[in-house]
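Notes follow the structure.
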Amino acid sequence: MTNLKDIKKRLEDLILPFIEKEGLRLFGLKAYYIRQGISLKIEVDYESGGMSLEKCAQLNRMVSEYLDKENVLGKEFVLEVSSPGIDRDLTVVKDFKRSCGRNISLWLNGEVQGKKYYEGILERIDEAKEVISLRIKGEVIEIPLKAVHKGREIIP
């Protein structure tokens, strides 16, 4: 198994049960080659936030022991488990809902009203209409969810 995309998918399938069992959500999994083998970076957190350093270390040990025991990668690896931090990307509806009322940036897949990037206060998410309402300089615009590549809270 040499393709990093295949490795990443297989690892995600294998480690997701560990993460979910701990009541955590997977925010990101990166895999890339390094001189010693493969480097894995896993970002996890609770839905409400509050991931501790101790919890990261515990999950790191659990996943590392499992990958070693099962010889999943067939080579040396470096594992890093961390929280995505307060400046995490907003990529799914749940993320955006948690950021309602806050100032966010939005990167779009294509132009909406002539722009590919917006900053404003996230007013609400309308799942039925599949739009995000963003207040910009007193005006509310609606952006289709399918047009959003990612968002991020703007930390003052």
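The values are calculated or read from the model by the stated rules, or taken from the named source; none is laboratory data. Note that the coordinates shown come from a computational prediction; the quantities given were computed from them, not determined experimentally. Counting neighbours? That spans all protein chains shown, and the Cβs are built from the backbone with ideal geometry, glycine included.
If you check 49, 23 for being surrounded by fewer than 18 Cβ atoms within 10 Å (Cβ to Cβ), of a type in the set (Gly, Ala, Ser) and at pLDDT below 90, only one passes: 49. Look at (1) in a loop (DSSP other than H, G, I, E, B); (2) in the same structural domain as residue 14 (by TED's automatic domain parsing); (3) on the phi < 0 side of the Ramachandran plot and you find that residue 66 fails only one, number (1).
The residue pairs whose first member lies in segment 23-46 and is on the phi < 0 side of the Ramachandran plot and in a strand (DSSP E or B), whose second member is hydroxyl-bearing (Ser, Thr, Tyr) and surrounded by 14 or more Cβ atoms within 10 Å (Cβ to Cβ), and whose beta carbons are closer than 6 Å, counting only pairs six or more residues apart or on different chains, are 32/39; 43/82; 45/83.
Filtered by the rule that a residue be under 19 Å from the mean Cα position of the chain (by Cα) and either in a helix (DSSP H, G or I) or surrounded by 15 or more Cβ atoms within 10 Å (Cβ to Cβ) (or both), segment 109-131 gives 122, 125.
Condition first: among the hydroxyl-bearing types (Ser, Thr, Tyr) and closer than 20 Å to residue 6 by Cβ. Can you find one or more residues in segment 25-37 that meet it? Explain how you work it out, then say what you get.
Start the filter on segment 25-37 by keeping residues that are among the hydroxyl-bearing types (Ser, Thr, Tyr), which leaves 32-33.
With the extra rule that they be closer than 20 Å to residue 6 by Cβ, the set shrinks to 32-33.
Yes, segment 25-37 has at least one match.
For the structure I just gave you, tell me whether residue 16 is within 19 Å of residue 94 (Cβ to Cβ), surrounded by fewer than 16 Cβ atoms within 10 Å (Cβ to Cβ) and at pLDDT 90 or above. Don't jump to the end; show me each part of the working.
Working: within 19 Å of residue 94 (Cβ to Cβ): yes; surrounded by fewer than 16 Cβ atoms within 10 Å (Cβ to Cβ): yes; at pLDDT 90 or above: yes.
So residue 16 passes the test.
Is there a residue in segment 135-152 that is assigned to a strand (DSSP E or B), surrounded by 12 or more Cβ atoms within 10 Å (Cβ to Cβ) and touching a Lys or Arg at 6+ places or on another chain (Cβ under 6 Å)? No: zero hits. Taking the numbered list (1) touching a Pro at 6+ places or on another chain (Cβ under 6 Å); (2) in a helix (DSSP H, G or I) in turn, residue 61 passes all entries but (1).
Of all residues in segment 65-102, exactly one satisfies the criterion of being without any contact (Cβ under 8 Å) to a residue 24 or more places away in the chain, closer than 24 Å to residue 38 by Cα and under 13 Å from the mean Cα position of the chain (by Cα), namely 85.
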